[in-house]
Every structure is written in C-alpha cells, then in structure tokens.
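Novice: Structure below; questions to follow.
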Amino acid sequence: MKVIENRAMKDEEKMEIQELQLKEAKHIAEEADRKYEEVARKLVILEGELERAEERAEVSELKCGDLEEELKNVTNNLKSLEAASEKYSEKEDKYEEEIKLLSDKLKEAETRAEFAERTVAKLEKTIDDLEDELYAQKLKYKAISEELDHALNDMTSL
C-alpha cells in the first residue's frame, strides 16, 4: 500500500505540477491571444494605412506623369523660345546696323541741307543785290533817257 500511496502522492504532485503548468499554459495562451489580437488590430490599421498610401502613390504617379509631360512641353517651348530669341537677336543686330547706317546718312543729309540752305541764302542775297543794282541801273537808264529826250527835244526845237 505504501507503494500505492507513494504512487498516489507522486501522481498528486504530478497533478499539482501539471495544474500549475496548465495555469501557466493558460496564462501564456491568454497572453498570446491578447498579443495576437493587438497584432491583428495593428495589422488591420497598417493594411488601411498601406491601402491609403498605395492610393496616394497612384495619385502621385499620375501627377508625376502629368508633370513630366508638362515638363516636356515647357522644355520644348523653351527650346523654341531660345531659337526664336537667337533669330530675333540676329535680326536686332541687323536692324541696329541698319539704324546706324541710316543715322549716318541722316547726319550727312542734314549737313548737305544746312550747306544748301547757306548757299540758297547767299544766292538770295546775291539776287537781292543784283535786283537792287538792276533797279538802280534802270533808274539811271530812265534818267539818261529823259535827259536824251530833253536834249533831242531841245535840238529839234532849234
């Protein structure tokens, strides 16, 4: 009987140990369930955040594509404007040279006009002087003619 009692005691000790182990295992299982639920909750939150991030990434990729297209257009416009600018710069240089030539011609024409005006003024003065002299000569001629007429009349009356 002692053997049975010993065995029963050992079995009881084993049962107590196993009960403790069972409690420990339940506690570990509960802790694991709690951690699982927490991780599952975090997973749901992260999946929602991932979905929103993927949506934002898609929208950003679309915007990026639009911006790349716009950048291409702006680059092409810039190239066109640079080419036009170079062309207009060449035209501007040509026009500046033409303006310089025309300015030189204008100065030369103004100089000639001033010379011509001075010449005209001199000629007008000469004409005035000649007209004055002609008038004086006409008066002398008239006086001489009258004197001759008087002399002829005096001679015919004799």
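Novice: Taking R0 as 35 Å, what FRET efficiency do you get between residue 27 and residue 6 from their Cβ-Cβ distance, rounded to the nearest 0.05?
Specialist: Details: r = 31 Å, r/R0 = 0.88.
Efficiency computed from Cβ-Cβ geometry: 0.70.
Novice: Hey, can you find the accessible area per residue of the range 57-113 for me, probe 1.4 Å, expressed in square angstrom? Could the numbers behind the result be given before it?
Specialist: Working: 5320 Å² over 57 residues.
Ligands and nucleic acids excluded, the figure is 93 Å² per residue.
Novice: Answer with a single label: of (1) 18.3, 66; (2) 63.9, 220; (3) 15.0, 47, which was calculated as Rg and Dmax of the Cα atoms in Å from the structure in view?
Specialist: (2)
Novice: Once R0 is set to 41 Å, what does the formula 1/(1 + (r/R0)^6) return for the Cβ-Cβ distance between residue 86 and residue 66, expressed as a FRET efficiency to the nearest 0.05? It would help to have the intermediate numbers written out before the result.
Specialist: Numbers: r = 30 Å, r/R0 = 0.74.
Once rounded, the FRET efficiency stands at 0.85.
Novice: Further, regarding this structure: 7 Å from Cα along Cα→Cβ at both residue 75 and residue 52: what's the point-to-point distance in nm?
Specialist: 3.6
Novice: On full extension of the chain, what length is gained from residue 133 through residue 45, given 0.36 nm per residue of separation minus the C-alpha to C-alpha distance? Could you put the intermediate results ahead of the total?
Specialist: Details: separation 88, 0.36 × 88 = 31.68 nm, distance 12.27 nm.
Answer, rounded to one decimal: 19.4 nm.
Novice: Considering only 11, 128, 66, give the residue with the highest GNM mean-square fluctuation for the chain, with springs between Cα atoms whenever their separation is below 10 Å.
Specialist: 11
Novice: Only residues of the range 67-105 count here: report those whose backbone N is under 20 Å from the spot 7 Å along Cα→Cβ of residue 119, or say none.
Specialist: From the range 67-105, the list is 105.
The values are calculated or read from the model by the stated rules, or taken from the named source; none is laboratory data. The structure presented is a predicted model; accordingly, all values stated were derived computationally and were not measured. Please note: Cβ atoms are built from the backbone with ideal geometry, for glycine as well, and neighbour counts cover all protein chains shown. All accessible areas refer to the heavy atoms of the entire protein, side chains included, with ligands and DNA or RNA removed. Shrake-Rupley method; radii C 1.70, N 1.55, O 1.52, S 1.80 Å.
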